[in-house]
Amino acid sequence: MNAIKVEIRESSNNETGRVVAPLTGTETSRTISVTATAPASGRKRRVTFGFGGAALLLVLGGAAFGWWNYARTWVTTDNAYVSGHVHAVSTRIAGTVSEVLVSENQQVEAGTVLARLDPGDLKVAHEKANAALAQAEAQLAQTRAQVLRDEALASKAQADFDRAEKLSRGDAGVISKQEFDAATAALDAANSSLSATKASVLAAEAQVKVATAQVKDVELQLGYTEIAAPAAGRVGRKNLEVGNRVQAGQALLAVVEPEVWVTANYKETQLERLRPGQHAILKADSFPGHKFTGTVESLSPASGAEFALLPPDNATGNFTKIVQRVPVKIVFDEASVRDFAGRIVPGMSVVVKVNVRN
């Protein structure tokens with residue numbers, strides 16, 4: 001029967017077992033070496049994995065704490081835009097443009113004449129109105145003269161009546177009943193004529209007022225032929241040229257004031273700790289490398305949906321809850337935008353975050 005011989009030798013890094021296979025007739029001995037990994041190497045790997053897992057947990061914990069601290073300090077929205085005073089300039093009367101005195105993007109002051117309409121037709125109307133006023137004033141003077149005449153006739157008729165009344169008294173009157181009745185009728189006719197003439201004076205005075213108002217109306221329309229800037233700012237969206245026929249109320253151009261602010265549409269779920277006076281950091285898409293600072297000035301009295309053309313009516317039956325957004329007005333710090341005057345304009349997109357722990 002073959003014999004098996006096993007030898008085990010220890011070394012510093014590994015252990016070696018020597019197994020001697022069964023001997024054959026021609027072999028005196030044969031040795032097989034078996035090598036096993038030392039237990040110390042596995043322990044080192046487990047320790048390394050342990051430290052790595054702990055470090056990962058610390059990193060994740062730090063990131064979670066940083067996110068939690070950021071979330072309780074700042075409320076952020078990218079639904080924000082630069083707003084400003086944009087005045088749509090239109091004409092009050094219809095007419096033909098005779099002069100355009102400004103160009104696109106030009107700076108203007110309040111009251112600056114921007115364009116003029118042809119005043120030719122209105123000048124003719126002004127002359128007609130003045131002629132009608134003169135005619136009404138002449139008619140009034142004539143009617144007042146008639147009042148003086150009728151007052152004199154009424155006074156004479158009253159005197160004739162008084163004399164006839166005295167002469168007709170008693171049984172033996174000096175004048176007949178017929179003469180007395182004639183005096184009475186003359187007095188009544190004179191008084192009626194005087195009353196009618198006085199009424200004509202009132203009508204003539206009213207006609208003078210109407211003619212005067214017509215003159216003032218034409219003068220106002222003549223003034224409207226000059227289209228002036230309603231405020232100081234820059235001209236934009238110019239839509240008129242010499243020769244254009246414009247209608248009353250037609251928008252011709254816009255004047256944008258230099259004052260700007262940010263309207264940030266925050267979700268209603270973000271408003272719990274948001275208050276006027278809190279500090280804000282703003283980043284405009286046009287200037288990605290610069291951070292502006294500002295202050296929360298006020299919150300809108302209603303959500304944006306309430307000011308929409310068709311506000312929602314949740315009592316119709318099919319109700320789906322949607323988180324509403326409330327406009328928040330944020331004003332720039334003057335020092336923050338001093339170097340960007342005229343470059344921050346209404347309509348620009350802004351990312352806003354407000355410190356709600358101040």
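Of all residues in the stretch 119-136, those being in a helix (DSSP H, G or I), over 20 Å from residue 209 (Cβ atoms) and of a type outside the set (Asp, Glu) number 4. Quick check on this structure: which one of 52, 120, 62 is on the phi < 0 side of the Ramachandran plot, without any contact (Cβ under 8 Å) to a residue 24 or more places away in the chain and under 38 Å from the mean Cα position of the chain (by Cα)? Being on the phi < 0 side of the Ramachandran plot, without any contact (Cβ under 8 Å) to a residue 24 or more places away in the chain and under 38 Å from the mean Cα position of the chain (by Cα) holds for just one of 52, 120, 62, which is 120.
The condition of being touching an Asp or Glu at 6+ places or on another chain (Cβ under 8 Å), surrounded by 14 or more Cβ atoms within 10 Å (Cβ to Cβ) and assigned to a helix (DSSP H, G or I) holds for only one of 208, 215, that being 208.
Matching residues to (1) under 30 Å from residue 281 (Cα atoms); (2) among the β-branched types (Val, Ile, Thr); (3) touching a strand residue (DSSP E or B) at 6+ places or on another chain (Cβ under 8 Å):
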site: 91; (1), (2), (3): no, yes, yes
site: 95; (1), (2), (3): no, no, yes
site: 106; (1), (2), (3): no, no, yes
site: 113; (1), (2), (3): no, yes, yes
site: 143; (1), (2), (3): no, yes, no
site: 147; (1), (2), (3): no, yes, no
site: 157; (1), (2), (3): no, no, no
site: 167; (1), (2), (3): no, no, no
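For residue 169, the criteria (1) assigned to a loop (DSSP other than H, G, I, E, B); (2) among the basic types (Lys, Arg); (3) touching a residue at least 12 places away in the same chain (Cβ under 8 Å) hold in every case but one, which is (3). Of all residues in the stretch 231-262, those that are surrounded by 15 or more Cβ atoms within 10 Å (Cβ to Cβ) and more than 23 Å from the chain's Cα centre (by Cα) total 3.
Considering only residues that are in contact with a helix residue (DSSP H, G or I) (Cβ under 7 Å, 6 or more places away or on another chain) and in a strand (DSSP E or B), which ones fall in the stretch 304-358? Those that are in contact with a helix residue (DSSP H, G or I) (Cβ under 7 Å, 6 or more places away or on another chain) and in a strand (DSSP E or B): 325, 326, 327, 355. Among the residues of the stretch 90-113, the ones that are of a type outside the set (Ser, Thr, Tyr), over 13 Å from residue 244 (Cα atoms) and outside any strand (DSSP E or B) come to 10 in all.
Mind counting the residues in the stretch 258-289 that are in contact with a Ser or Thr (Cβ under 9 Å, 6 or more places away or on another chain) and either closer than 25 Å to residue 105 by Cα or among the hydrophobic types (A, V, I, L, M, F, W, C) (or both)? The qualifying residues number 11. Exactly one residue out of 99, 104 is modelled with pLDDT of 50 or more, acidic (Asp, Glu) and surrounded by fewer than 11 Cβ atoms within 10 Å (Cβ to Cβ): that is 104. Remark: residue 269 matches the filter, which requires a residue to be polar (S, T, N, Q), outside any loop (DSSP other than H, G, I, E, B), surrounded by fewer than 16 Cβ atoms within 10 Å (Cβ to Cβ) and in contact (Cβ under 8 Å) with a residue 40 or more places away in the chain.
Restricting 198, 156 to those that are basic (Lys, Arg), surrounded by 15 or more Cβ atoms within 10 Å (Cβ to Cβ) and modelled with pLDDT of 80 or more reduces the list to 198. In this structure, residue 116 qualifies as surrounded by 14 or more Cβ atoms within 10 Å (Cβ to Cβ), among the basic types (Lys, Arg), at pLDDT 95 or above and not in a loop (DSSP other than H, G, I, E, B). The condition of being on the phi > 0 side of the Ramachandran plot, touching a strand residue (DSSP E or B) at 6+ places or on another chain (Cβ under 8 Å) and among the small types (Gly, Ala, Ser) holds for only one of 342, 304, that being 342.
The values are calculated or read from the model by the stated rules, or taken from the named source; none is laboratory data. Since the structure is predicted, the reported quantities are computational estimates derived from the model, not experimental observations. In this analysis, Cβ positions are derived from the backbone assuming ideal geometry, glycine residues included, and neighbour counts consider all displayed protein chains.
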